[in-house]
Amino acid sequence: LQGAGEARSRPGMDAIFDQGPPPPCLDPFNLAAYVLSRAGELREKTALSVIWPGCAETWTYGALEQAVLGAATGLKVQGLEAGDRLLMRLGNSVEFPICYLAALAADIIPVPTSALLTADEVSQICEDVAPRLIVAGTGVAVPADPPCPVVDEDAFRALYELPPAGYALGDPNRPGYIIYTSGTSGSPRAVTHAHRAIWARRMMWDGWYGLTEDDRLMHAGSFNWTYTLGTGLLDPWSCGATSLIPANGVTSDQLGALIGAHETTMFAASPGVYRQLLRTPPARSPSLRHGLSAGEKLPDATRAAWEEATGTPIFEAFGMSECSTFVSGSPAHPAPPGTLGFPQAGRRVAVLGEDGCVSRGEPGVLSVSRRDPGVMLFYWNAEADTAARFDGEWFLTGDLVSMAPDGALTYLGRADDMMNAGGIRVSPLEVENVLNAHPCIAESAAVEVLIKADTTVIAAFYVPNGEVTQADLQRHAAGKLARYKCPRIYAEVEALPKGPNGKLLRRELREQYENAQD
């Protein structure tokens, strides 16, 4: 976007949200010290319950901080120094957040990864970030020839009782942790965030959650996902609330009963988890105030089913690995129907076109100011990729949106997912929303596919939820979409390809179809 960094526009007409910056991050600062800052006064309060039907593993704030700082001492004994990388190969156990925070407390850079990765995939990560230590759970893949020592879970737990380390305070802008993108738009990238990234999450407390220290927040997701790690653990602990995490092996049809049994006040999950949970809808619980959703667009049908079952709304948020969740609806400021919601107070957000900032109501690339403490520092060892994502003041998300006069943002899809129909751009979400409204469609995905040299068409891949013919779908689409938006190909599939966190892999779907035609 040439010239986008100048954010030029006509006064009063620009698609920029800016109500002033957030309070400055504390300096010196340590992410782990901030997350556990309430531990001293709340030592006997439950910080975390890992829950099963009928039982729970409970950790108080005092026990959690002791384990974190004892493990921080142990990591130093292993010879790790400030700035060294620690590769986390752990499942959904309490060792995951303890290892993460222990590394940060000692100024070591944790690299959390999905337990589902293969040994070959982990080897590639090792080549990228050159870890000095790997902490691995039982049955979680590590390289056949690891480049550094590997500590198993039992040995790691033994570190909890060591004398507590002090928190390593320093520049809030120094590298804090590395997370990998989902790879939905290409190869996964190693996103490097500063310690200050946790400070940006304060804007979510009112701007998305309505979070207080009296809350009991349940999150159904994998710890390696920043949505789970942040919303499910770090944010509740930062304000003194209680985190509830379903244990490994808990099934979707058990989640509803757990919500009521543990007096959950907020339930957070991806849209895919909501869909699975609603197969056995939860009973209404007097403690539950609302649900939270992120990771992909929440289907209207899923939202309606949850509201009917629980009597509570779902507040949705939009974000990404490079900037977490910065646009949302909230209890105090619900999102208008069909929108993502609003940039949170303290954010500076713009919608940019080729010549700078567009006017409100016009489509463009959603962009976040570099001043935002939640914006990544860089992609690890990838200067060219980093440079491509920044233009002057702005981090370019690659997502297309439009901003309404009141600041609400409507999502139009990934810039590289937009489809071309006879020279006219079509959002896949618009097509999918129509198809998903058909009573015999469980879910669908619209993708532009190549059918012969220089010729592409819109294809709809769908998972049926009953008897349905392609002629039925053609008539359904024709009644609700302009002709140029209607799919030319309909393909029934058993399941749509998705990543570990439930995100639709459009690129993979496109490649599978085109390879099958060769």
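Using only side-chain charges placed at the Cβ, +1 for Lys and Arg and -1 for Asp and Glu, the dipole size of the stretch 240-368 relative to its Cα centre rounds to 280 debye.
Straight-line reach from K480: taking Cα to Cα under 17 Å and skipping same-chain neighbours fewer than 8 places apart, no lysines fall in range. A viscosity of 1.002 mPa s and a temperature of 20 °C, combined with the Kirkwood radius over C-alpha pairs in the Stokes-Einstein formula, give the stretch 67-114 a diffusion coefficient of 206 µm²/s. The distance from the alpha carbon centre of the stretch 301-333 to that of the stretch 439-460 is 28 Å, rounded to a whole number.
Approximating the spin labels as points 7 Å out from Cα along Cα→Cβ, the A495-to-T469 distance works out to 3.0 nm. Here the stretch 6-96 is treated as an ellipsoid with the same Cα gyration tensor; its semi-axes, largest first and in whole Å, are 38, 21, 16. For the chain, the residue among T226, F17, A269 whose Cα projects farthest onto the positive side of the dipole built from Cβ charges is F17.
Any idea what the dipole of the chain comes to, in debye rounded to 20, about its Cα centre with Lys/Arg Cβ at +1 and Asp/Glu Cβ at -1? Each step should come with its number before you reach the end.
Working: 41 positive and 60 negative charges, 175 e Å.
Here the size comes out at about 840 debye.
Stretched out straight at 0.36 nm per residue, the stretch from D416 to E161 would grow longer than its current Cα-Cα span by 86.8 nm.
For the stretch 336-471, what is the convex hull volume of the alpha-carbon atoms per residue, in Å³? Mind dumping the intermediate values first?
Values: hull volume 24.0 nm³, N = 136.
So the per-residue hull volume is 176 Å³.
Taking only the alpha carbons of the stretch 364-403, we obtain Rg and Dmax values of 10.5, 34 Å in that order.
Altogether, the Stokes-Einstein calculation at 37 °C and 0.692 mPa s, with the Kirkwood radius of the stretch 109-261 over Cα pairs as Rh, returns a diffusion coefficient of 183 µm²/s. Expressed in Å, the radius of gyration and Dmax of the Cα atoms of the stretch 423-518 are 12.9, 36. Report the residues of the stretch 327-360 in range of a label on D18: point 7 Å along Cα→C-beta, backbone N strictly under 16 Å from it. Flagged as within label range: 343-353, 356-360.
Calculated over the stretch 256-403, the projected area of the Cα convex hull averaged across directions stands at 10.5 nm².
The fraction of accessible area contributed by carbon and sulfur in the stretch 281-340 is 59 percent, rounded to a whole number (1.4 Å probe; ligands and nucleic acids excluded).
Run the accessible area of the stretch 3-111 with a 1.4 Å probe and give the carbon-and-sulfur part as a rounded percent. The computed percentage sits at 53. Normalised by the number of residues in the chain, the average gap of Cα pairs under 8 Å and 6 or more apart makes the relative contact order 15 percent. Between Q254 and D406, the modelled labels are 4.2 nm apart [label points 7 Å from Cα along Cα→Cβ].
Along its principal axes, the stretch 132-201 has C-alpha extents of 37, 34, 21 angstrom, given from the largest down. Net charge dipole, the stretch 18-175: roughly 340 debye, given to the nearest 20, about the Cα centre with Cβ charges of +1 for Lys and Arg and -1 for Asp and Glu. With the contact rule set at Cα under 8 Å and sequence spacing of 6 or more, what percent relative contact order holds for the stretch 281-397? The normalised contact order for the stretch 281-397 reaches 16 percent. Listed by chain and number, the lysines whose C-alpha is less than 28 Å from the C-alpha of K485, apart from same-chain residues fewer than 8 away, are K297, K452, K498, K503. Ranking G40, G166, W205 by how far each Cα lies toward the positive end of the dipole of the chain (charges on Cβ) leaves W205 at the top. Helical runs (DSSP H, four residues minimum) scored at -39500 (n - 2.57) apiece and divided by the length of the chain put the mean residue ellipticity at 222 nm at -6500 deg cm²/dmol. Annotation: extensible slack from R483 through D27 equals 158.4 nm (criterion: 0.36 nm per residue apart, minus Cα-Cα distance). Remark: C-alpha extents of the stretch 390-442 on the principal axes read 47, 30, 19 Å, sorted largest to smallest. Working from label points 7 Å from Cα in the Cα-to-Cβ sense, the D152 to E308 distance is 5.0 nm. Placing unit charges on each Cβ (+1 for Lys and Arg, -1 for Asp and Glu) gives the stretch 1-157 a dipole about its Cα centre, and among A103, Y61, G83 the Cα reaching farthest toward its positive end belongs to Y61.
When you filter the GluC sites (Glu not before Pro) in the stretch 29-82 for DSSP loop state and at most 14 other Cβ atoms inside 10 Å of their Cβ, you are left with E41, E44, E81. Computed from the alpha carbon atoms alone, the convex hull of the stretch 293-369 holds 111 Å³ per residue.
The values are calculated or read from the model by the stated rules, or taken from the named source; none is laboratory data. Given the structure is predicted, the values throughout are model-derived calculations rather than measurements. Don't worry about glycine lacking a Cβ; one is built from the backbone with ideal geometry, like all the others, and counts go over all protein chains shown. Accessible surface areas use protein heavy atoms only, side chains included; no ligands, DNA or RNA. Shrake-Rupley method; radii C 1.70, N 1.55, O 1.52, S 1.80 Å.
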